[in-house]
Amino acid sequence: AGLKTELFDRRVRLNLAGFHADYSGLQIIVNEGVAPKVRNAGEARVRGFEAELEAAIIDGVRFSGGVGYTDARYLEVDPRAVGVTVDSRFANVPEWTATAGLSATLFETALGSLSARGDWSFRSSHFKDAVNSPQTRQDAYSIVNASLTFEEADERWAITAGATNLTDTRYLITGYQDLPVIGVATGTFARPREWFVRGSVRF
């Protein structure tokens, strides 16, 4: 169920949504011997809400943001999903997520316009595998990006310079462990702070 609104002479857009889902035969990836296997082994319930906001604060300045909450729980787990119980948390499902962004036109001339944008995103702690291995637990983290864009007056070309992951946050993208059998735990981490320059042309 949801609600979409436009307020204050369409300068503010607010969207709200709530959801509830019941699952049977939920697929769970677990280790059996030296290989991961997919088992239709879960009965689960997932519910939560999302809210999104966009606002034209003043001319040339816009804000966007959102927040999401997810309560995902196993109601029943088949014994074939070794290591997973009804108390386990879903893999790759943080309880809280949030985003915020601000964009502003800094100046406009006959040649073109210069604008700036910054955005922030947040994910609460979560696990990267179904058995909730301590080695694959990712603590809560935030990411910040920023950029400057100059766009030619006729909008035929633009050039953008900026940086991603400004705070150089180190966080797991994926994780896997099988310490009891083969003594291995691995993880893939996100890219570090990076600077970029990007150009675009419209034909």
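Can you confirm whether segment 3-17 contains a residue that is in contact (Cβ under 8 Å) with a residue 60 or more places away in the chain, open to solvent by 60 Å² or more (accessible area, probe 1.4 Å) and either touching a Phe, Trp or Tyr at 6+ places or on another chain (Cβ under 9 Å) or in a strand (DSSP E or B) (or both)? Lay out the reasoning, then the answer.
Going through segment 3-17, the residues in contact (Cβ under 8 Å) with a residue 60 or more places away in the chain turn out to be none.
No, segment 3-17 contains no residue that is in contact (Cβ under 8 Å) with a residue 60 or more places away in the chain, open to solvent by 60 Å² or more (accessible area, probe 1.4 Å) and either touching a Phe, Trp or Tyr at 6+ places or on another chain (Cβ under 9 Å) or in a strand (DSSP E or B) (or both).
Which numbered condition in (1) under 30 Å from Asp154 (Cα atoms); (2) surrounded by 15 or more Cβ atoms within 10 Å (Cβ to Cβ) is the only one that Gly66 fails?
Unmet for Gly66, out of (1) under 30 Å from Asp154 (Cα atoms); (2) surrounded by 15 or more Cβ atoms within 10 Å (Cβ to Cβ): (1).
So, of the residues in segment 33-62 that are within 24 Å of Arg11 (Cα to Cα) and open to solvent by 70 Å² or more (accessible area, probe 1.4 Å), which turns out to be modelled with the lowest pLDDT?
Filtering segment 33-62 down to residues within 24 Å of Arg11 (Cα to Cα) leaves 49-62.
From what's left, open to solvent by 70 Å² or more (accessible area, probe 1.4 Å): 49-50, 52, 54, 57-59, 62.
Values: Phe49: 98, Glu50: 98, Glu52: 98, Glu54: 97, Ile57: 91, Ile58: 91, Asp59: 88, Arg62: 96.
The selected residue is Asp59.
Return yes or no: is Glu194 more than 14 Å from Trp120 (Cα to Cα), in contact with a Ser or Thr (Cβ under 7 Å, 6 or more places away or on another chain) and surrounded by 11 or more Cβ atoms within 10 Å (Cβ to Cβ)? Break it down into steps so the answer makes sense when it comes.
Working: more than 14 Å from Trp120 (Cα to Cα): yes; in contact with a Ser or Thr (Cβ under 7 Å, 6 or more places away or on another chain): yes; surrounded by 11 or more Cβ atoms within 10 Å (Cβ to Cβ): yes.
Yes, satisfied.
Would you mention how many residues in segment 70-89 are part of a loop (DSSP other than H, G, I, E, B) and in contact (Cβ under 8 Å) with a residue 40 or more places away in the chain? Outline the logic, then answer.
So the first thing to find is which residues in segment 70-89 are part of a loop (DSSP other than H, G, I, E, B), and the list is 78-89.
Add one more test, that the residue is in contact (Cβ under 8 Å) with a residue 40 or more places away in the chain, and what stays is 80-84, 88-89.
Result for segment 70-89: 7.
Only one of Thr188, Thr169 is open to solvent by 50 Å² or more (accessible area, probe 1.4 Å) and at pLDDT 90 or above. Can you tell me which?
Answer to the selection: Thr188.
Taking segment 64-90 as the search range and keeping residues that are in contact with a Ser or Thr (Cβ under 8 Å, 6 or more places away or on another chain) and hydrophobic (A, V, I, L, M, F, W, C), which one is nearest to Val181 (Cα to Cα)?
Val77
Given the criteria within 27 Å of Pro94 (Cβ to Cβ), in contact with a Lys or Arg (Cβ under 6 Å, 6 or more places away or on another chain) and surrounded by 11 or more Cβ atoms within 10 Å (Cβ to Cβ), does Ser147 qualify?
Values: within 27 Å of Pro94 (Cβ to Cβ): yes; in contact with a Lys or Arg (Cβ under 6 Å, 6 or more places away or on another chain): yes; surrounded by 11 or more Cβ atoms within 10 Å (Cβ to Cβ): yes.
So Ser147 passes the test.
Kindly state which strands (runs of 3 or more DSSP E) lie completely within segment 131-203 and contain at least 1 residues that are under 30 Å from Pro36 (Cα atoms) and touching a helix residue (DSSP H, G or I) at 6+ places or on another chain (Cβ under 6 Å). So that I can check it myself, show each step before the final result.
On the way: elements: 141-152, 157-164, 172-178, 184-189, 194-201.
It comes to 172-178, 184-189.
So, in segment 121-130, of the ones that are assigned to a loop (DSSP other than H, G, I, E, B) and not charged (D, E, K, R), which residue ends up farthest from the chain's Cα centre (by Cα)?
Ala130
Can you confirm whether Arg73 is open to solvent by 50 Å² or more (accessible area, probe 1.4 Å), of a type in the set (Lys, Arg) and modelled with pLDDT of 95 or more?
Numbers: open to solvent by 50 Å² or more (accessible area, probe 1.4 Å): yes; of a type in the set (Lys, Arg): yes; modelled with pLDDT of 95 or more: no.
Against the criterion (open to solvent by 50 Å² or more (accessible area, probe 1.4 Å), of a type in the set (Lys, Arg) and modelled with pLDDT of 95 or more), Arg73 does not qualify.
For segment 91-121, give me the residue count where each residue is within 30 Å of Val38 (Cβ to Cβ) and either in contact with a Gly (Cβ under 6 Å, 6 or more places away or on another chain) or open to solvent by less than 30 Å² (accessible area, probe 1.4 Å) (or both).
Counting residues in segment 91-121 that are within 30 Å of Val38 (Cβ to Cβ) and either in contact with a Gly (Cβ under 6 Å, 6 or more places away or on another chain) or open to solvent by less than 30 Å² (accessible area, probe 1.4 Å) (or both) gives 2.
The values are calculated or read from the model by the stated rules, or taken from the named source; none is laboratory data. Note that the structure is predicted; figures quoted are calculated from it, not measured. Glycine gets a Cβ as well: all are built from the backbone with ideal geometry, and neighbour counts include every protein chain shown. The area values use the complete protein model at the heavy-atom level, side chains included, leaving out ligands, DNA and RNA. Shrake-Rupley method; radii C 1.70, N 1.55, O 1.52, S 1.80 Å.
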